[in-house]
Amino acid sequence: MTRRAVRLIVALTACASAASAVAAQQRNGEAYATTPEVTREAYDMRTAMASLPLGEAELKGRALFAQRCANCHGGTRQRPGPLLGTPTIEKLGDAAFRERVRQGSPMMPGFQYTLQPAQIDQIAAFLKTFTPRAQAGDSLE
């Protein structure tokens with residue numbers, strides 16, 4: 001090989017490594033996957049499906065929580081959000097909780113266009129009746 005060919009190969013290798021570093025930085029250093037990883041969780045179905053003495057607003061709030069919130073705040077190991085329940089409502093207060101749900105946060109989308117204020121009130125009413133079971137290393141925020 002000629003000296004020029006060796007320099008070209010070295011330059012192309014450097015460009016390729018720089019491009020991969022930029023791509024990794026754009027993903028915040030996290031591995032990029034096109035399909036989500038599915039992990040099975042063992043649930044205590046008796047506890048999950050136990051009937052609760054709830055009023056109409058709490059029952060509607062429970063259904064809304066299951067549809068809109070439980071994926072992130074439901075207590076699985078893969079959840080990105082904190083456990084929600086009575087301690088959360090007591091810590092934040094009703095008004096601050098409703099505003100957080102409406103406006104969102106850096107990690108959570110806001111629901112001002114998808115949930116009516118009455119629906120947010122129903123979710124808050126349900127959460128006031130629910131105390132999540134903390135897992136090791138969890139903190140209620």
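We did not get these values from a lab; they are worked out from the coordinates using the rules stated. Just so you know, these numbers come straight off a predicted model, no measurement behind them. Glycine gets a Cβ as well: all are built from the backbone with ideal geometry, and neighbour counts include every protein chain shown.
May I ask for log10 I(q)/I(0) of the range 63-120 at q = 0.15, 0.22, 0.26, 0.31 Å⁻¹, from a Debye sum over the Cα atoms as equal point scatterers with solvent left out?
After summing over all Cα pairs, the log10 values are -0.42, -0.96, -1.33, -1.51.
Once the piece of chain linking Lys91 and Glu56 is laid out straight, how much longer is it, given 0.36 nm per residue of separation minus the C-alpha distance between them?
Working: separation 35, 0.36 × 35 = 12.60 nm, distance 2.47 nm.
So the chain would gain 10.1 nm between Lys91 and Glu56.
At 7 Å along Cα-to-Cβ for each site, give me the label-to-label distance between Thr129 and Val38 in nm.
3.3 nm
Taking the Cα-to-Cβ direction at Gln67 and at Arg7 and moving 7 Å from each Cα, how far apart do the two end points lie in nm?
About 6.7 nm separates the two model spin labels.
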